[in-house]
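The values are calculated or read from the model by the stated rules, or taken from the named source; none is laboratory data. No experiment lies behind these values; they were computed from the predicted model shown. Cβ placement follows ideal geometry from the backbone for every residue including glycine, while neighbour counts extend to all protein chains displayed.
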């Protein structure tokens with residue numbers, strides 16, 4: 001991977017900015033969580049309502065982000081999204097410093113950040129194939145996944161450290177605003193202004209109805225491409241199950257086993273460490289990025305998830321199981337975008353990533369209800385194993401569908 005990054009200088013600069021932005025995201029998420037808990041006085045229903053509003057932009061703007069990425073300059077979209085998030089974060093910082101923050105403001109800030117993230121991500125994924133040679137694309141996706149995992153690992157810890165040092169949560173957000181500016185500068189430096197010279201004329205004047213119609217047309221066309229539809233649809237279904245386990249059931253299981261809250265934090269950190277290791281390993285050893293290969297990794301992930309309750313007998317065993325779960329999950333996270341990129345053209349790669357993002361985020365939002373339903377009918381540990389078996393089953397069916405030949 002290091003050799004590839006030395007050869008692909010433009011990608012290295014872009015990922016440096018993206019890593020800083022991901023760390024800033026981790027700081028932002030840390031500050032947002034503690035602010036929500038403080039403002040709502042730890043009211044679960046009110047906190048849940050704020051997070052629900054954060055999800056809405058995925059449904060409204062998910063299709064729009066992908067279509068714009070395929071029609072407009074990806075460079076302009078990414079820079080605009082970064083600068084907008086810098087402005088929103090700066091406003092959040094000022095509101096916190098002045099003590100003028102409430103439930104409505106938090107909901108609007110959360111929705112705005114999600115909206116511009118929805119516009120940024122398809123453009124980022126769509127720009128990757130143009131920055132590196134074809135043989136380096138899987139390694140590039142692995143490096144991007146490592147940047148995301150490192151941001152999730154370092155950001156909250158950095159936020160906690162800064163909060164301890166300066167004691168004013170508003171000032172902690174200043175680092176987040178700066179990272180978006182650095183990311184925008186890296187995009188400006190690496191992606192040429194003429195990155196979408198092939199875009200259709202008159203795109204800038206294209207009405208919203210036409211943009212959504214274009215996304216809908218692509219959505220209708222995806223089922224006709226069996227491997228692409230399996231990769232997107234079955235992965236989104238797996239995320240429905242996995243989200244329920246990771247966000248709710250695994251922490252609940254550890255609490256039920258008598259572990260301290262710190263052990264839950266360590267377990268999540270070991271998942272992130274496993275994901276870092278898995279991303280590095282996958283980008284080095286994996287050569288098959290086909291849909292059947294993706295479904296195989298989903299089956300392995302489900303198998304490990306089904307066995308995870310057996311690891312809860314001790315803290316070291318739990319950490320080892322979480323590490324392996326994160327490592328296997330990284331193989332999915334690297335193979336999935338590479339697979340979508342290989343099965344897409346430059347004219348629809350953004351729309352395909354937006355379709356996946358919309359379905360995946362919808363599944364993740366619904367995962368809480370699934371976790372609640374499972375916990376009502378079975379012990380938590382059993383529910384995790386049931387989810388693992390469900391993921392294995394989805395992966396198996398997906399493999400069968402992807403490899404089935406036309407009669």
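Residues 131, 95, 106: which one is over 18 Å from residue 73 (Cα atoms) and within 22 Å of the chain's Cα centre (by Cα)? Even if it seems obvious, please write down each step before you answer.
Numbers: 131 fails: over 18 Å from residue 73 (Cα atoms); 95 fails: within 22 Å of the chain's Cα centre (by Cα).
Within the list 131, 95, 106, the selection yields 106.
Looking at residue 331, is it within 27 Å of residue 273 (Cβ to Cβ), outside the structural domain of residue 147 (by TED's automatic domain parsing) and over 20 Å from the mean Cα position of the chain (by Cα)? Outline the logic, then answer.
Numbers: within 27 Å of residue 273 (Cβ to Cβ): yes; outside the structural domain of residue 147 (by TED's automatic domain parsing): yes; over 20 Å from the mean Cα position of the chain (by Cα): no.
So residue 331 fails the test.
Condition check ((1) farther than 15 Å from residue 328 by Cα; (2) outside any helix (DSSP H, G or I); (3) out of contact with any helix residue (DSSP H, G or I) (no Cβ under 8 Å at 6 or more places or on another chain); (4) modelled with pLDDT of 80 or more) across all residues:
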site: 230; (1), (2), (3), (4): yes, no, no, yes
site: 250; (1), (2), (3), (4): yes, no, no, yes
site: 255; (1), (2), (3), (4): yes, no, no, no
site: 268; (1), (2), (3), (4): no, no, no, no
site: 274; (1), (2), (3), (4): no, no, no, yes
site: 278; (1), (2), (3), (4): no, no, no, yes
site: 289; (1), (2), (3), (4): no, yes, no, yes
site: 292; (1), (2), (3), (4): yes, no, no, yes
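When you scan the range 84-92, do you find a residue that is surrounded by fewer than 18 Cβ atoms within 10 Å (Cβ to Cβ), modelled with pLDDT of 80 or more and closer than 30 Å to residue 11 by Cα, even just one?
yes
What is the one condition in (1) more than 21 Å from residue 361 (Cα to Cα); (2) out of contact with any helix residue (DSSP H, G or I) (no Cβ under 7 Å at 6 or more places or on another chain) that residue 108 does not satisfy?
The single condition residue 108 does not satisfy is (1).
Would you confirm whether any residue within the range 106-113 is modelled with pLDDT under 85 and assigned to a helix (DSSP H, G or I)? Steps first, answer last, please.
Here is the first cut: in the range 106-113, the residues modelled with pLDDT under 85 are none.
Checked against the condition, which is being modelled with pLDDT under 85 and assigned to a helix (DSSP H, G or I), the range 106-113 yields no hits at all.
Any residue at all in the range 137-154 that's surrounded by fewer than 24 Cβ atoms within 10 Å (Cβ to Cβ), out of contact with any helix residue (DSSP H, G or I) (no Cβ under 8 Å at 6 or more places or on another chain) and assigned to a helix (DSSP H, G or I)?
The answer is no, given that none of the residues of the range 137-154 is surrounded by fewer than 24 Cβ atoms within 10 Å (Cβ to Cβ), out of contact with any helix residue (DSSP H, G or I) (no Cβ under 8 Å at 6 or more places or on another chain) and assigned to a helix (DSSP H, G or I).
Please give the number of the condition residue 99 fails out of (1) surrounded by fewer than 20 Cβ atoms within 10 Å (Cβ to Cβ); (2) farther than 25 Å from residue 355 by Cβ; (3) touching a helix residue (DSSP H, G or I) at 6+ places or on another chain (Cβ under 8 Å).
For residue 99, the failing item is (3).
For the range 336-351, give me each residue that is assigned to a helix (DSSP H, G or I) and either at pLDDT 85 or above or in contact with a strand residue (DSSP E or B) (Cβ under 6 Å, 6 or more places away or on another chain) (or both). Working first, answer last.
Filtering the range 336-351 down to residues assigned to a helix (DSSP H, G or I) leaves 336-342, 349-351.
Of everything in the range 336-351, those that are assigned to a helix (DSSP H, G or I) and either at pLDDT 85 or above or in contact with a strand residue (DSSP E or B) (Cβ under 6 Å, 6 or more places away or on another chain) (or both) turn out to be 336, 337, 338, 339, 340, 341, 342.
Given the criterion surrounded by 21 or more Cβ atoms within 10 Å (Cβ to Cβ) and more than 26 Å from residue 22 (Cβ to Cβ), identify the matching residue among 296, 291. Spell out the reasoning first.
On the way: 296 fails: surrounded by 21 or more Cβ atoms within 10 Å (Cβ to Cβ).
Criteria check complete, one pass: 291.
So which residues in the range 31-77 are closer than 23 Å to residue 173 by Cβ, modelled with pLDDT of 75 or more and not in a helix (DSSP H, G or I)?
Hits for the range 31-77 are 40, 41.
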